[in-house]
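Input: a single structure, listed below in structure tokens.
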Amino acid sequence: MDIREDMELTLAVDRLAFGGKGVARVEGLVVFVDGGLPGATVKARVTRMKKGFAEAVALETLTPSPQAATPECPHFGVCGGCVWQDLEYEAQLFWKREQVVETLARLGGLADVAVAQTVASPRVYAYRNKMEFAFAGRLHLGLHERHRPGRVLDIGECRLMEPWAGEALGFIRETCAQTGLAAYDARTGKGVWRHLVLRHSEDTGARLVHCITGPARGAGDAAHALGEAVLARVPEVTGFVHSVRRAPTAVALGERQVMALGQDYLEERFGTARLSVSADAFAQTNTQAAALLYGVAAKAAGSDPAGAVADLYCGCGGIALSLAPQFETVYGFEADKRAVDDATRSAELSGIGNAVFKTMDAAKGLEELSGIAPAVAVLDPPRNGVAPEMIAALLSAAPRKVVYVSCNPATLARDLKALGELYAVTQVTPVDLFPHTAHIEAVAELVLR
């Protein structure tokens with residue numbers, strides 16, 4: 001069969017690929033089907049032809065998957081935030097584990113590594129303590145569309161967060177539109193409104209609204225007026241922060257905090273650790289599942305009352321503080337000074353006196369500890385994984401154990417392969433922090449050979 005773009009095909013989907021798409025085959029050609037669930041037969045349109053495979057989007061389900069579920073969100077299918085609300089949760093857990101197994105084998109040569117069953121999230125809806133929304137045009141506010149990621153879909157409610165988020169979102173969209181100011185346009189560098197970040201604390205009930213604008217004239221006054229309106233309209237909101245971002249990259253991260261109304265941070269409890277979380281801080285967005293993740297990491301790290309542990313991408317200190325009772329000293333290193341300030345405050349909140357946090361590149365931090373020789377190194381890097389300098393520093397320091405917390409199985413596999421020169425991987429445990437999405441978190445335990 002001569003398969004071409006825009007051709008419609010009837011496809012039997014047999015599995016899910018890493019990234020969330022279904023996998024079907026036509027005369028030996030692999031077709032990745034957006035919206036195809038395992039066990040379903042779908043009518044799909046080919047959207048792209050590549051060497052050795054094709055991509056398609058499901059247009060109609062002819063035979064439903066036995067694992068199909070009814071989505072709860074009215075925006076599902078159009079919004080790009082979720083891809084698996086129509087898949088039973090037990091099936092999501094199964095396929096996330098399968099994708100970790102396959103990725104480790106294919107990219108890391110680790111076909112024999114023990115991979116545990118995926119640890120389930122205690123909640124599958126309303127589990128997020130933070131959501132990032134984007135502005136566009138004059139004036140949309142919501143999430144990027146699934147099939148047209150360049151467009152922003154106005155969101156009325158998001159089932160991944162508590163109902164207050166949808167209410168706040170609608171009010172803020174209307175208030176910003178009334179200013180007549182357009183959203184920031186990265187192509188021209190003009191416009192005001194860029195991102196809106198909503199956070200809440202399950203521990204205290206406090207809520208924080210963070211508005212990120214471009215550096216345009218008038219942005220400060222408009223944001224200040226927005227903050228006052230939000231605090232007056234939504235009494236549960238305890239703080240409003242305005243930050244500016246000049247870089248054109250579409251990242252919901254402020255470069256400079258301009259002003260704050262009310263409390264500009266939250267306090268949250270992740271298991272035994274109490275964290276101070278500022279507006280731009282990195283903290284796990286699923287509070288209850290993060291506590292389970294930290295527990296898996298702590299078990300993998302073990303205990304050494306006379307030894308030290310180095311947390312090499314410590315963020316605001318969640319993992320480090322969870323490990324503190326098991327070691328004499330915990331050292332946390334993070335390149336972002338704001339995160340280190342949060343981690344220091346978090347140690348005080350948690351009543352932990354054996355944690356030392358420094359603003360420093362992770363590899364240099366490990367080198368600085370050469371005289372101490374930490375027994376365990378913990379890694380929780382960003383999606384692009386560990387830099388070659390960090391791999392070299394780990395191989396040089398050779399702690400007896402490494403615990404690698406990953407949000408990307410592909411870079412995890414790559415890095416475990418590089419560390420295989422000195423380390424054996426004893427177990428990998430997937431933990432589901434993001435139900436209804438294809439994102440996979442995993443904890444790998446490595447021991448010195």
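Rundown of residues vs (1) within 30 Å of residue 442 (Cα to Cα); (2) open to solvent by less than 50 Å² (accessible area, probe 1.4 Å); (3) within 20 Å of the chain's Cα centre (by Cα), yes/no style:
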position: 108; (1), (2), (3): yes, yes, no
position: 122; (1), (2), (3): yes, no, yes
position: 132; (1), (2), (3): yes, no, yes
position: 138; (1), (2), (3): no, no, no
position: 171; (1), (2), (3): no, yes, no
position: 192; (1), (2), (3): no, yes, no
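Looking at (1) closer than 30 Å to residue 442 by Cβ; (2) open to solvent by less than 70 Å² (accessible area, probe 1.4 Å); (3) of a type in the set (Lys, Arg); (4) at pLDDT 95 or above, can you tell me which one residue 299 breaks? Every listed condition holds for residue 299 apart from (2).
Within the stretch 225-238, being surrounded by 15 or more Cβ atoms within 10 Å (Cβ to Cβ) and part of a loop (DSSP other than H, G, I, E, B) holds for one residue alone: 234.
Of the residues making up the stretch 159-169, just one is open to solvent by 40 Å² or more (accessible area, probe 1.4 Å) and in contact with a strand residue (DSSP E or B) (Cβ under 8 Å, 6 or more places away or on another chain), namely 162. Per the listing 416, 422, 369, 395, the residue uniquely on the phi < 0 side of the Ramachandran plot and crowded, with 23+ Cβ neighbours inside 10 Å is 416. Residue count for the stretch 76-106 under the criterion of being hydrophobic (A, V, I, L, M, F, W, C), part of a helix (DSSP H, G or I) and surrounded by fewer than 20 Cβ atoms within 10 Å (Cβ to Cβ): the result is 5. A Cβ distance below 6 Å, combined with a sequence gap of six or more or placement on separate chains, defines the contacts here; from the stretch 239-252, residues that are under 16 Å from residue 219 (Cα atoms) and in a strand (DSSP E or B) reach residues that are among the basic types (Lys, Arg) and open to solvent by 10 Å² or more (accessible area, probe 1.4 Å) in the pairs 244/256. Sub-6 Å Cβ pairs linking a first residue in the stretch 203-224 that is open to solvent by less than 30 Å² (accessible area, probe 1.4 Å) to a second residue that is charged (D, E, K, R), at least 6 apart or interchain, are 208/199; 212/194; 212/245; 213/194; 214/194, ordered by first then second residue.
Give the residue that is nearest to the chain's Cα centre (by Cα), with candidates limited to residues of the stretch 16-31 that are within 16 Å of residue 94 (Cβ to Cβ) and in a strand (DSSP E or B). Filtering the stretch 16-31 for residues that are within 16 Å of residue 94 (Cβ to Cβ) and in a strand (DSSP E or B), the one nearest to the chain's Cα centre (by Cα) comes out as 16.
Residue check: residue 374 meets all listed conditions (1) surrounded by 16 or more Cβ atoms within 10 Å (Cβ to Cβ); (2) without any contact (Cβ under 8 Å) to a residue 24 or more places away in the chain but one, namely (2).
The values are calculated or read from the model by the stated rules, or taken from the named source; none is laboratory data. Nothing here was measured: the structure is a model prediction, and the numbers come from that model. Neighbour counts run over all protein chains shown; Cβ positions are idealised from the backbone, glycine included. Just so you know, the surface numbers come from the protein's heavy atoms only, side chains and all, with ligands and any DNA or RNA stripped out. Shrake-Rupley method; radii C 1.70, N 1.55, O 1.52, S 1.80 Å.
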